[in-house]
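The values are calculated or read from the model by the stated rules, or taken from the named source; none is laboratory data. Owing to the predicted nature of the structure, the values given are computational and were not obtained by experimental measurement. Heads up, the Cβs are rebuilt from the backbone with ideal geometry, glycines too, and the neighbour counts pull from every protein chain shown. Keep in mind that these areas ignore ligands, DNA and RNA; they rest on the heavy atoms of the full protein, side chains included. Shrake-Rupley method; radii C 1.70, N 1.55, O 1.52, S 1.80 Å.
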Amino acid sequence: MKKLFALILAALLLLGLCNAAWATDAASYSITINNADPGHTYQAYQIFTGDISGDYPNYVLSNIELGEGVSENFLPISVNGTDYATLEALTEALNTNNVDAFAKAASEKLGTPAASSTFVEGQYTIPLSQPGYYFVKETTANMPDGEAYTKFMVQVVGNVALEPKTATTTHEKKVQENEKYTENATSANAYQYGEGYNDVADYCIGDDVPFSLYSKVPDLTHYDRYLMVFHDKMDPGLTFNADSVEVIVGETHLINGTNYTVNTACDDGCTFEVRIHDLKAYSGQNVRVDFTAELNSSAVIGLDGNLNKSKLSFSNNPNNTGDGTTDGDTTTTPWDEVVVFTYELDVTKVDGTDNTLLKDAKFVLKNDKNQFATVDANGKLTGWVNSQEAATPLVSDENGRFKVSGLDDGTYSLIETKAPENYNKLANPITIVISANTSNGHAYSSTDSENPALTDLKVKVDNTEGTGNTATGIVKASVKNNKGAILPTTGGIGTTIFYVAGGVLVLLAVVLLVTKRRVGEGN
């Protein structure tokens, strides 16, 4: 019996249920849990009792009996599908292969706790009056978000110190910048983001914006099942593409409908959720969820941006089923946010000499992919076409203005297709360069007004710098036209020579006609 329970203790330590440090003074008994986070509650249940024998540090608990912390129906107990009706049968069957299953079974047949913890200076202490094998259970009523429950079973023959080992994890969200970024954001959790993934990006309306969600499966030694649910919420300016979801765990691409499900009918106000049913087979591996969302016509222009945030729910109680069906079986991380910006180009058509505002000039806008913009009646970008003829004419109004809103930063060309009346059409396209400084590696938070993600916005019209406003997201450009040439009426012969020549010819014709008639009458 002594050797058997020494083996049980060794197995418990080996499986990582606890790290125990034995005190040299065995005159008192206590369990100390080194957890600096306040707000937890731990209770110790005596599973087995007995007598201490041997010398430090090789104490042995002998004359084993059931302790006071188990329920009256502790026996029979089922371990890995086998029922044990007597203590002798149970102890003979326990070994390193089933001790974790025994701990789980024992957790369901607990009686009265021997003592509860008190928190002092970063440690929880449970004082005990008797030696024995104790099951330490976390009974925290309101577990802080993102933290997991733990459980221990330890032999107490003195003062024992434990280091909690919980199956908790973290969560991050990123968006991919398509045009510019200085470097990939670094991850404190060693997630592999991929090229261009950061907290901030800018796009054109109509673009599909790539997003990714990241987490990691913890050590699942003490879990039968393990659930992860990613909750994602988008601003109205983003439209989720439900068929774009892909889930990768380690190097494995999971199967939609088999390994995970995508739900857009959420009851928590989210846009959608991705529920990965059971990750027990993927202990310790990274999890990545990829998807896209279209930046739509409701997109906000300027600094407020278009927010996309997510959080992760995950199993956090090894004593329960681990599938999310039991109250208190999951916890949730805080929200993590990213933002997508888009901008507006305001153009004013003016006289090249006196800056008079000119109406009825017509342009088309071309991007650097040789595509032409289509816009709605309000000047909001609706898409890109491959032919200039199919583009939407951009016509200057009474104030000489037209606009295109919903543009990414980058290089564009304004091509004049019709000049205002009495003006010459521009011979060459005008180059428009929109430059936005977005802090790509920024740990973005929508509430952090002192560290905005959009820090600068400029425009260049050919070689002339224009103005930009980060708050409104508007850049302004002025385009000049010159009047057409008029043939001179003074200072030269001009058209007078034609008038004189014409008059002479008419006079000669009259003279010839009169002369001819007189000759005829004389005959």
> Quick one: length gained pulling Gln130 to Thr96 fully straight, 0.36 nm per residue minus the C-alpha distance?
Replying inline: 9.7 nm
> Expressed in nm², what is the orientationally averaged projection area of the convex hull enclosing the Cα positions of segment 217-266?
Replying inline: 5.0 nm²
> Over the Cα atoms of segment 70-113, Rg to Rh with Kirkwood Rh, two decimal places?
Replying inline: 0.94
> So what's the net charge close to His253: Lys and Arg +1, Asp and Glu -1, counting the other residues with Cβ under 11 Å from its Cβ?
Replying inline: -2
>> Beyond 21 Å, how much of the Cα-Cα pair distribution for segment 317-456 remains, as a whole percent?
In response: 58 percent
>> Apply the a/c threshold of 1.5 to the C-alpha gyration tensor of segment 76-172 and tell me whether it is rounded, prolate or oblate.
In response: oblate
> Where the only charges are on Cβ atoms (+1 Lys, Arg; -1 Asp, Glu), what is the dipole of segment 263-411 about its Cα centre, to the nearest 20 debye?
Replying inline: 340 debye
> In nm, to one decimal, how far is the Glu179 label point from the Asp351 one, both placed 7 Å along Cα→Cβ?
Replying inline: 3.5 nm
> Remind me, relative contact order of segment 226-285 in percent, using alpha carbon pairs under 8 angstrom and six or more residues apart?
Replying inline: 46 percent
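At 1.567 mPa s and 4 °C, plugging the Kirkwood radius over alpha-carbon pairs of segment 424-487 into Stokes-Einstein gives what diffusion coefficient in µm²/s?
Roughly 90 µm²/s, to the nearest whole number.
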> Tell me, in nm to one decimal, what length is gained between Ile248 and Ser53 on full extension, where the rule is 0.36 nm per residue of separation less the Cα-Cα distance?
Replying inline: 64.9 nm
>> Could you sort the peptides 309-319, 214-224, 258-268 by per-residue average Cβ neighbour count (10 Å cutoff), highest mean leading?
In response: 309-319, 214-224, 258-268
> What does the charge add up to near Asn73, with Lys and Arg as +1, Asp and Glu as -1, over the other residues with Cβ less than 13 Å from its Cβ?
Replying inline: -2
>> Return the equivalent ellipsoid semi-axes of segment 258-329 as a descending list in whole Å, where each equals the square root of 5 times an eigenvalue of the C-alpha gyration tensor.
In response: 31, 14, 12
> Scattering from the C-alpha atoms of segment 381-455 alone, worked out with Debye: what is log10 I(q)/I(0) at q = 0.17, 0.23, 0.26, 0.27 1/Å?
Replying inline: -0.85, -1.22, -1.40, -1.45
>> Going by Cα centres, segment 248-264 and segment 99-132 are how many Å apart?
In response: 38 Å
> How far, in nm, would the chain grow between Thr417 and Asp448 when pulled straight, counting 0.36 nm per residue and subtracting the alpha carbon separation?
Replying inline: 6.6 nm
> How high is the FRET efficiency between Cys266 and Trp335 when r is their beta carbon distance and R₀ equals 22 Å, given to the nearest 0.05?
Replying inline: 0.90
> With all protein chains present, how much of the accessible area of segment 303-381 (probe radius 1.4 Å) comes from carbon and sulfur, to the nearest whole percent?
Replying inline: 41 percent
> How are the C-alpha pair distances of segment 188-283 spread across 5 Å bins, as whole percents from the shortest bin up?
Replying inline: 2, 10, 20, 22, 20, 16, 7, 3, 1, 0
> In segment 321-355, which residues have a backbone nitrogen under 18 Å from the label point lying 7 Å from Glu398's Cα in the Cα-to-Cβ direction?
Replying inline: 348-350
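Taking the Cα centre of segment 79-144 as origin, work out the dipole magnitude from +1 charges on Lys and Arg Cβ and -1 charges on Asp and Glu Cβ, in debye rounded to 20. Before the final figure, lay out each step's value.
Details: 3 positive and 7 negative charges, 30 e Å.
The dipole magnitude comes to about 140 debye.
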> So, counting K/R as plus one and D/E as minus one, what does the shell of residues with Cβ under 14 Å around Gly269 add up to?
Replying inline: -2
> For Asn428 and Lys458, FRET efficiency with R0 = 30 Å and r from the beta-carbon atoms, rounded to 0.05?
Replying inline: 0.85
> For labels at Thr382 and Lys480 in the simple 7 Å Cα→Cβ model, what's the distance in nm?
Replying inline: 3.5 nm
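Just order 227-233, 332-338 by mean Cβ neighbour count inside 10 Å, highest at the front, would you?
Top to bottom by mean Cβ count within 10 Å: 227-233, 332-338.
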> Dividing the convex hull volume of the Cα atoms of segment 219-371 by its residue count, what figure in Å³ per residue is obtained?
Replying inline: 174 Å³
>> Placing +1 on the Cβ of each Lys and Arg and -1 on the Cβ of each Asp and Glu in segment 419-466, which of Gly441, Pro420, Thr464 has its Cα farthest towards the positive end of the resulting dipole?
In response: Pro420
>> Using only the alpha-carbon atoms of segment 303-396 as identical scatterers, what base-10 log of I(q)/I(0) does the Debye formula give at q = 0.21 Å⁻¹?
In response: -1.07
